[in-house]
Amino acid sequence: MRYVYPAIIKPDAEFNDWFQATFPDLDCSTDGIDDLYYTLVRAAELLNKHMIELEDTGKEIPAATYIKDVEVSDGEIVTLIKADTDAYRLLRAKMLIP
């Protein structure tokens, strides 16, 4: 399945120039990461893993909030992150990723 969810990218509270990604519709967020590019990469990995868990356990998959309706504070940005759980499962099966 394919999914697109908004993520809020915000500066890490403890470290300058570090970032954290949170998904307002899901119960998951990345740890602080010292590079914006890798924050986005980790957010996509996290979204794939989280959605696979929801699929596998049969839990309800929440609807994604429209990006313009996501509220952010000063210094935060909102962006869309996509997941393709079928492709991610295939990569894991081929041992390309843990």
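In this structure the amide hydrogen of residue 18, modeled in the peptide plane, comes within under 5 Å of the amide hydrogens of 12, none closer than 5 places in sequence on its chain.
At 1.4 Å probe size, with the rest of the protein present, what percent of the exposed accessible area of the chain is carbon and sulfur atoms?
Of the solvent-accessible surface of the chain, carbon and sulfur hold 52 percent.
Averaged per residue, the stretch 8-98 has 68 square angstrom of accessible surface, using a 1.4 angstrom probe with ligands and nucleic acids left out.
Please give the calculated 222 nm ellipticity per residue for the chain, where each DSSP H segment of at least 4 residues contributes -39500 (n - 2.57) and the sum is spread over every residue; nearest 500 deg cm²/dmol?
-10500 deg cm²/dmol
Between the Cα long axis of helix 36-57 and the first principal axis of the chain there is an angle of about 40°, rounded to the nearest 10. For trypsin sites (Lys or Arg not before Pro), the sites in the chain that DSSP calls loop and that have at most 16 other Cβ atoms within 10 Å are 59, 94. Ordering 67, 51, 80 by Cα displacement along the dipole of the stretch 48-98 toward the positive end leaves 51 in first place; charges were set at the Cβ atoms of Lys, Arg (+1) and Asp, Glu (-1). Distances longer than 19 Å among the Cα atoms of the stretch 19-83: what percent of all pairs is that? Of all Cα-Cα distances in the stretch 19-83, 33 percent exceed 19 Å. Charging the Cβ of each Asp and Glu at -1 and of each Lys and Arg at +1, and nothing else, the dipole of the chain about its Cα centre rounds to 560 debye. Residues of the stretch 54-78 with an amide N closer than 18 Å to a point placed 7 Å from the Cα of residue 1 along the Cα-to-Cβ direction: 54-66.
The values are calculated or read from the model by the stated rules, or taken from the named source; none is laboratory data. Note that the structure is a prediction, hence the values are computed from the model and not measured. No Cβ is skipped: glycine too gets one built from the backbone with ideal geometry, and neighbour counts run over all protein chains shown. In case anyone asks, the SASA skips ligands and DNA or RNA and just uses the protein heavy atoms, side chains included. Shrake-Rupley method; radii C 1.70, N 1.55, O 1.52, S 1.80 Å.
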